[in-house]
Structures are given as structure tokens and as C-alpha cells.
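**Student:** Could you have a look at this structure, given as C-alpha cells, before my questions?
Computed from the coordinates by the stated procedures, all read-outs in this text should not be read as laboratory data. Small disclaimer: the values here were computed from a predicted structure and weren't measured. When we count neighbours, we look across all protein chains shown, and the Cβ atoms used for this are built from the backbone with ideal geometry, even at glycine.
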Amino acid sequence: MRILYIDIDSLRPDHLGCYGYHRATSPNIDRIAAEGLLFHNAYVSDAPCLPSRSAFYSGRFGIHTGVVNHGGVAAQPKIEGPARGFQDHFATRGLASRLQGLGYHTAMISPFGQRHAAWHFYAGFHEIHNTGKEGMESAEMVQPVVETWLDANVSRDQWFLHVNFWDPHTPYRVPGNAPNPFSNDPLPAWLDDEKLIARHNRVPGPHTSLEVSMYSDATRPEYPNHPGKVTDKASMRKMIDGYDHGVHYVDQQIGKIVEKLKAAGVYDETMIIISADHGENLGELGIYAEHGTADQITCRIPLIIKYPGGVAGAANTRLHYQVDLAPTLMELLGGEPDELWDGASYAAAILSGADVGRDEVVFGQCSHVCQRSVRWGNWLYLRTYHDGFHLFPQEMLFNVEADPHEQHDLAPARPDLCREGAWRLARWHDAQMQKMARFGHDVVDPLWTVIREGGPFHARLALGDGTASAVGGLHGFKRYLQRLETTGRADGAEALRQKYAARLSDLEALTE
């Protein structure tokens, strides 16, 4: 068995044709989906990229690995303590090392480990090809490395190749000389609304419509497809076209990979997995070009699996996590799952189309906000512990089928469902803490470590000037309040000033 895992950063499923999108962004992906199984409700347990990929290859939720943030203590795996052997769990019990144990040659084409200093990401790989720009490369830089690897290895048996494309990730970086295939296509209907844009222009917070570049409207000439702000339909079109063009540009490379597999006569014998580390908010919750919440849009991912001898042209609508792939591969390949893992196999869905899956999923975000959410039925309950300077309420509730773009918060009207959501979160948390007490060196929920350090990395209110990586910082936060006041959002600035008054007072006292 050959296994090709195509990991497309920031790819949201509803911008793919096979998931019903009205633009022709993904003809090659759509053809693969027609030959395999399409999962409608796959989620990452932890967002964004560093927590998600750490969970994926470890097979464990972020609450157990400790990796839930982009900086601070919770950006690195937990210390395993005196029971740690010559190697750690990533090296001995992670997905890639388990594939090695089954005789697979494991190879990765990705700069991700260097981008986040996530050296555990490389554990279990025989080959690591770093494409060299720490996630800022476009597909024309990645594709030659992929083709060279396939030329040398495609005919051998039992390999696992992870290919990482970045073009749908902010800033949208398809080369400026590549023609836009969507210039005449309509926008998604819900975004084709001047009133919505005007309403979003009143919203405070990083990566909102007037600060697409996180805390400013800065643009860079090398990324002509990426706007600094969205103020009208023309700039909205630039935003959506830039994202969709990135998806389409990657899809073209996937078509070339498929042709190589077919030319070598191994396409039918190759398992192809297409997925992502998270989605991308494009106006949902007032956020643009970012994956900064624990909502349906950031945490739901595409999952397409073409398996030799498996079902074709089928769909699964049950709930799944990205960490479920590890035990699924073990079952398909004759291996055993690990009791340390948090995933559950869905191999029966791939082999026979069985209606297997979960009744609920819980997912979190601690890099831009601190939130945990639970999805069950059509309901999504979000609980906010740190709002990332967005002024989110403590509880939000959405019907994701009736309101897929999260425009109508039902929490005030449905306290009964909020209570159920809070109960489901508490039940999940109790189970994870019990497991942590059994297997872990500590019993620390890393979400609270993030709170103690001043908040999520990209909105951390701590001492410092706030210039590095747009981290909030005391001075950076004050500068941002001034920006809000000069851009017609003084009410938002005052609300943030009042909400964080105690924290500001504590920090200012430390500087005296």
C-alpha cells in the first residue's frame, strides 16, 4: 500500500466543489472525492496549525500533548517526566513512528517543523524535505520537490508521503502573474452585501475587516492578491478571489500528482488522503483571513479518502476528529491502536460505507482566543475564556445547518441548549482529566496555563511593546486602542479598555 497525505493549509470544505461550492475551485480534488469517501463533518480537536498538527501526529488532544498555543509554555509538548524513556511519545507512539513499525518508508515535504520550531512534528520520518520559506512558499516552490520525490520513489511499495501546500493560508500568495479564474464569478451570496460590510467595519479585534493583517491594514507588494482591509464589494471580491485562487492553484498541482501516479501505473493502488490543519474564517464572526476561533469555520476541515478496494462516490455525515485517522490507518494496515491515543477508527466507513462516527466532538483554540466548543446534532456551543480582543460573550450558540456562517447567536434565546452545551463540555473535560491523571506527568489543563501567561499568543496582554508577531503586549494593546478610536470604533476601544481594566492596572503597576 502506498499512502499519499495531501495537507492543504487553511482549506475550508465549503470552498470545494465536492462540498457544494458554486465556483470551480477544485476539479481535481472533486474527481478524487468521486472515487472515494467524502466526510462532511470532520473537525480538528485543536486549532490552529501548531496545535492541530501536533494532535494529528501524536493521536492525542491538545489537552494531553500540552500544545494548544503558538507561544509560551503551551507551544511545546508537556514534559513526560521520570517515566520518559530514551525517546519521547512522539518518537515511539506517534502515527509516523507506528507506520515505520509496519514497514512503511515515511517522508515529509513541509517546512512546518521549522516554521513553529515544532521538532516533534518530524518524529518518525525517514525523510524530511524542508521547502525553505517557513510556510511562506507558494505551490510552484513545493511542486518540484514533490515531483522529484515521486520520480525516485513512486514505484516502490509501502511508503507514506506527507505533502504540505500553503496557498490558501494568509497572506494569499498565488503569484501575481497567475490569471484570476474567478473574476467573473459571483461572490458567496451572504457576503455580497454592503450592509454586512458596513456592520463588520464597526467590529473591533484583530483580523477584522479593517485589520485584515491582524492589527493593521498593512499590505505587502509581494502578495498582490491579499487586501489589507475590506470596505466595499470590490475589496471583498479581492479577498474571496485571493483565497479561492489559492485553493485552485493547489488543485492544479494535485492534478499533476495524479497524472504522475497514473503514468507510473500505481494510482489505483495508492491511498490518497486530502485534508487540512484547519479552515479559514472569511467574514464569519466578523473575522477575515484568519483561523482564530473554536467555531465551525475554523475547526471543520475537508476529509477525502480514496482507498484501494474501499467505497467510491460515498459520503459520511457523522462527526469525526483529525486524530481519528491514526487508529483508522492502524486498522486498515493490520496494526494496533495505542491506548494513549484519543482517536476512534472509522475504517468500516472506508471499507463498506458503514455509518460510523461520534455523537459529539469538542474542539479548542488558545492561540488567538481561548475557547472550547462542542458540536452535537445541528448545534454548536462556544464557550469563551479569553476573547482575543473581539468582545465575544462568554457563551455563543449557533444552528450550523440553518446558519452555516454563524450570523445569528441563539444563546440569549436558548439558555436550555447553552446549559446542555456547558454540561457536554464539562463531561468531556472530566474524562480528559481522568485520562491525564492515568497517563500524564501532571494534571494541568494547558488552556489555563495560557490564561495565566496573559492570554493567547496573538492577543497576549503582558509586558512588552507588542511588536513581535503582533502579540498584544501592554504598549501594543494601547496602540491598538488608539487605532480603534481613529477608525470610528471608539465605542469598541472603550469596551476593551473597561473589560481589561484590571489586567491593565496590574501591568502598569509593574512598570512603575
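**Student:** Please compute the modelled spin-label separation between MET433 and ALA83, points set 7 Å along Cα→Cβ, answer in nm with one decimal.
**Tutor:** Here the modelled spin labels are 1.9 nm apart.
**Student:** Using only the alpha-carbon atoms, how far is helix 49-58 inclined from the longest principal axis of the chain? Give it as 0 to 90 degrees, nearest 10.
**Tutor:** Long axis of 49-58 versus the principal axis of the chain: about 40 degrees.
**Student:** Would you be so kind as to identify which of THR384, MET436, MET396 lies farthest towards the positive end of the dipole of the stretch 379-473, taking Lys and Arg as +1 and Asp and Glu as -1 on Cβ and the Cα centre as origin?
**Tutor:** Checked the options; the winner is MET436.
**Student:** With each run of n ≥ 4 DSSP H residues scored as -39500 (n - 2.57), what mean residue ellipticity at 222 nm is computed for the chain after dividing by its residue count and rounding to the nearest 500 deg cm²/dmol?
**Tutor:** So the calculated ellipticity at 222 nm is -10000 deg cm²/dmol.
**Student:** I'd like to know which of LEU102, VAL142, GLY85 lies farthest towards the positive end of the charge dipole of the stretch 79-196, counting +1 on Cβ of Lys and Arg and -1 on Cβ of Asp and Glu.
**Tutor:** GLY85
**Student:** Treating only the Cβ of Lys, Arg, Asp and Glu as charged (+1, +1, -1, -1), what charge dipole size does the chain show about its Cα centre? Round to the nearest 20 debye.
**Tutor:** Its charge dipole is roughly 480 debye.
**Student:** Give me the extension gain from VAL443 to ARG220: residue separation times 0.36 nm, minus the current Cα-Cα distance, reported in nm with one decimal. Walk me through the intermediate numbers first.
**Tutor:** Numbers: separation 223, 0.36 × 223 = 80.28 nm, distance 4.41 nm.
Result for the pair: 75.9 nm of gain on full extension.
**Student:** Here's something else I'd like to know. Tally Lys and Arg at +1 and Asp and Glu at -1 over the other residues with C-beta under 13 Å from the C-beta of ILE197: what net charge comes out?
**Tutor:** Counting the neighbours of ILE197, the net charge comes to +3.
**Student:** Using +1 on the beta carbon of Lys and Arg, -1 on that of Asp and Glu, and nothing else charged, what's the dipole of the stretch 375-452 about the Cα centre, debye to 20?
**Tutor:** In total the dipole reaches around 360 debye.
**Student:** Now, a different point. Below 11 angstrom from the Cβ of ASP338, what's the summed charge of the other residues (Lys, Arg +1; Asp, Glu -1)? Before the final figure, lay out the partial values.
**Tutor:** Numbers: positive: ARG60, ARG93, ARG98; negative: GLU336, GLU339, ASP342.
Result for the neighbourhood of ASP338: 0.
**Student:** Right, here's the next one. Would you mind counting up the charge near PHE56? Only other residues with Cβ under 12 Å from its Cβ, with Lys and Arg at +1 and Asp and Glu at -1.
**Tutor:** Result for the local shell: -3.
**Student:** Also: Of all the C-alpha pairs in the chain, what % are more than 31 Å from each other?
**Tutor:** 43 percent
**Student:** What distance in nm separates the simple spin-label points at GLU134 and GLU336, each placed 7 Å from Cα in the Cβ direction?
**Tutor:** According to this spin-label approximation, the distance is 4.2 nm.
**Student:** Okay, next question. Calculate how steeply helix 139-153 sits against the longest principal axis of the alpha-carbon atoms of the chain, using the helix alpha-carbon long axis, and give the answer as 0 to 90 degrees to the nearest 10.
**Tutor:** The angle comes out near 20 degrees.
**Student:** Find how many whole Å separate the alpha carbon centroid of the stretch 404-460 from the alpha carbon centroid of the stretch 492-512.
**Tutor:** First find each Cα centre; the distance between them is then 25 Å.
**Student:** Evaluate E = 1/(1 + (r/R0)^6) for LYS262 and ASP359, where r is the Cβ-Cβ distance and R0 equals 30 Å; express this FRET efficiency to the nearest 0.05.
**Tutor:** Using R0 = 30 Å, I get an efficiency of 0.15.
**Student:** For the pair GLN158 and ARG419, how long in nm is the line joining their label points, each one 7 Å along Cα→Cβ?
**Tutor:** 5.7 nm
**Student:** Between the alpha-carbon centers of the stretch 219-237 and the stretch 1-46, tell me the distance in whole angstrom.
**Tutor:** Spelled out, the Cα-based centre of one part sits 26 Å from the other.
**Student:** Among the listed pairs LYS133/LYS238; LYS133/LYS256; LYS133/LYS435; LYS435/LYS499; LYS133/LYS260, which are separated by more than 29 Å between their Cα atoms?
**Tutor:** LYS133/LYS435; LYS435/LYS499, as the Cα separations exceed 29 Å there.
**Student:** Cα axis of helix 474-486 to longest principal axis of the chain: angle in degrees, 0 to 90, nearest 10?
**Tutor:** 70 degrees
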